[in-house]
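Single-structure report; data block below.
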Amino acid sequence: MRNEAINKKVSQEELSAIRDSVQSLCKEFPGEYWRKLDDKREYPTSFVNAMTESGFLAVLIPEKYGGAGLGLEAACVILEEIHKNGCNAGACHAQMYTMGTILKHGSDEQKKRWLPKIASGEIRLQAFGVTEPTSGTDTLSLKTMATRKNKEYLISGQKIWTSRAEHSDYMVLLARTTPIDKVQQKGKGLSVFMVDMREALKKGMTIRPIKTMMNHSSTEVFMDNVKVPEENLIGEEGNGFKYILDGMNAERTLIASECIGDAQWFINKATNYAKEREVFGSAIGKNQGVQFPIAKAYASYKAADLIVKQAAIKFDNNDKCAEEANIGKMLAAESAWQAAEACVQTYGGFAFAEEYDIERKFRETRLYQVAPISTNLILAYISQNVLGLPKSY
Ligand SMILES: Cc1cc2nc3c(=O)[nH]c(=O)nc-3n(C[C@H](O)[C@H](O)[C@H](O)COP(=O)(O)OP(=O)(O)OC[C@H]3O[C@@H](n4cnc5c(N)ncnc54)[C@H](O)[C@@H]3O)c2cc1C
């Protein structure tokens with residue numbers, strides 16, 4: 001994402017101002033707002049509009065394309081603050097970073113064509129189609145095929161877990177352009193496309209929602225000879241897997257920041273309740289059996305936060321950050337879950353009542369140990385790429 005985005009350095013004061021500004025935006029969207037949507041599994045349109053209008057979703061886009069030209073550290077602060085304040089950025093966070101593929105690997109013409117409109121929100125780039133039902137984590141085995149015919153590609157196949165496909169104008173899609181048995185390396189022969197969903201839905205594309213544990217606008221996307229013009233191919237044909245991998249560190253660090261925000265939300269909620277709730281004549285927080293799980297969660301979140309911030313700073317400095325991005329994502333997701341557990345236990349029975357938002361946040365934060373990458377695959381990364389142990393797959 002960086003080549004073009006020579007990011008402006010942001011001071012601690014500026015980061016604090018961003019935090020304050022996100023916090024005041026979030027006040028307009030209290031728990032009641034999210035509960036109503038959760039009940040009906042509806043998309044948080046007014047929250048996403050407010051985020052778009054505030055320019056927060058365009059922070060990573062360079063100024064010359066209409067964004068703020070800030071770095072990952074600032075973007076992380078925004079997502080963390082959203083989650084710390086009880087909101088959920090999952091409905092729109094992809095607008096922030098999915099464009100990184102175009103920014104880093106697109107042609108000048110493509111950048112000029114799409115980035116200003118993504119920055120203004122005129123184009124919603126919310127969908128990212130990689131995962132498929134039969135291949136799962138084994139991305140290189142994906143089966144969606146893009147076949148070149150004259151000046152366009154015909155794309156057929158199926159994606160699963162494509163978040164926000166119904167709320168997106170475009171999807172960044174990974175498909176095979178050369179069959180796997182015809183490439184020398186499995187990682188070759190895959191290509192990335194910007195698919196205009198509005199056009200595709202007229203002919204060849206069907207989106208089917210998947211009802212999930214939490215309100216996440218998850219879908220399955222079916223493609224039957226969807227026509228994509230050749231000018232929507234990003235970078236070189238056959239090198240798409242590398243482009244997708246390039247975006248992973250940013251994505252993992254950003255999602256980890258959401259987990260850091262969730263952890264703080266649960267810890268604050270649990271601490272306040274433990275001070276107020278009296279049982280047997282004194283505050284429950286007086287008991288170490290209540291205190292210690294919260295304190296442990298706090299310690300986990302603080303440690304995870306350091307690694308996540310280190311990942312963001314390294315990323316912004318163009319230093320290698322895959323180790324920190326992966327470890328940060330895993331520890332942040334675990335610390336959010338630990339905090340969620342502590343919060344449920346502290347609230348006792350009331351944790352299960354919807355009106356306290358705990359059960360909703362509890363469901364929401366569970367996701368991050370599975371997506372966008374599951375804990376096992378991060379452990380495999382550390383084992384193989386950091387410790388040099390043999391590859392298990
Ligand atoms: C709500 C939600 C939103 C999502 N949004 C998107 C999206 O927008 N776009 C997109 O492309 N994808 C999306 N995903 C997909 C997500 O990235 C995958 O679910 C995740 O990467 C895990 O893949 P899988 O579900 O296919 O699990 P599988 O690959 O089937 O794996 C199942 C389990 O086995 C483990 N496992 C597999 N192989 C190994 C191994 N070699 N060693 C150890 N353990 C292993 C995994 O860690 C996992 O725990 C989303 C998923 C969810 C649930």
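The table for this structure:
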{"item": "Sites excluded, trypsin sites (Lys or Arg not before Pro) in DSSP loops with at most 11 other C-beta within 10 Å, longest stretch of the chain", "result": "10-150"}
{"item": "Highest-MSF residue in the chain out of Ala89, Ala342, Ala200 [GNM, Cα springs under 10 Å]", "result": "Ala200"}
{"item": "Flagged links, alpha-carbon separation over 26 Å, of Lys36/Lys329; Lys143/Lys227; Lys104/Lys159; Lys117/Lys227", "result": "Lys36/Lys329"}
{"item": "For the chain, calculated [θ]222 nm from helices alone, where every DSSP H run of n ≥ 4 adds -39500 (n - 2.57)", "result": "-15500 deg cm²/dmol"}
{"item": "DSSP-assigned coil residues among GluC sites (Glu not before Pro) in region 228-293, each with at most 15 further Cβ atoms within 10 Å", "result": "Glu236"}
{"item": "Additional length obtainable on full extension of the chain from Glu42 to Lys182, 0.36 nm per residue less Cα span", "result": "46.0 nm"}
{"item": "Distant-in-sequence amide H partners of Gly129 (H built 1.01 Å from N, under 5 Å)", "result": "Val172, Leu173, Leu174"}
{"item": "Distance (nanometres) between label positions extended 7 Å along Cα→Cβ at Ser16 and Glu231", "result": "4.9"}
{"item": "Residue with peak Gaussian network fluctuation, the chain [Cα springs, cutoff 10 Å], from Met96, Met213, Met248", "result": "Met213"}
{"item": "Over region 265-362, relative contact order from alpha-carbon pairs under 8 Å, at least 6 apart, %", "result": "31"}
{"item": "Cut-off 18 Å (backbone N to label point 7 Å along Cα→Cβ of Asp246), residues of region 117-139", "result": "128-130"}
{"item": "Dipole of region 332-393, positive end: most advanced residue of Leu377, Pro390, Tyr356 [Cβ charges, Cα centre]", "result": "Pro390"}
{"item": "Centre separation in Å (Cα based) which lies between region 167-246 and region 248-269", "result": "27"}
{"item": "GNM top mover of Val195, Val228, Val279 - the chain, alpha-carbon springs below 10 Å", "result": "Val279"}
{"item": "Spatially proximal aspartates and glutamates relative to Lys320 (Cα-Cα < 12 Å; intrachain offsets below 8 disregarded)", "result": "Asp246"}
{"item": "Normalised contact order of the chain, rounded percent, pairs of Cα under 8 Å and 6 or more residues apart", "result": "15"}
{"item": "Percentage relative contact order, region 131-210, counting C-alpha pairs under 8 Å, at least six apart", "result": "26"}
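The numbers here are math on the coordinates, done by the rules we state, and not lab data. All values derive from a computational prediction rather than experimental measurement. Positions of Cβ are backbone-derived with ideal geometry, glycine not excepted, and every protein chain shown enters the neighbour counts.
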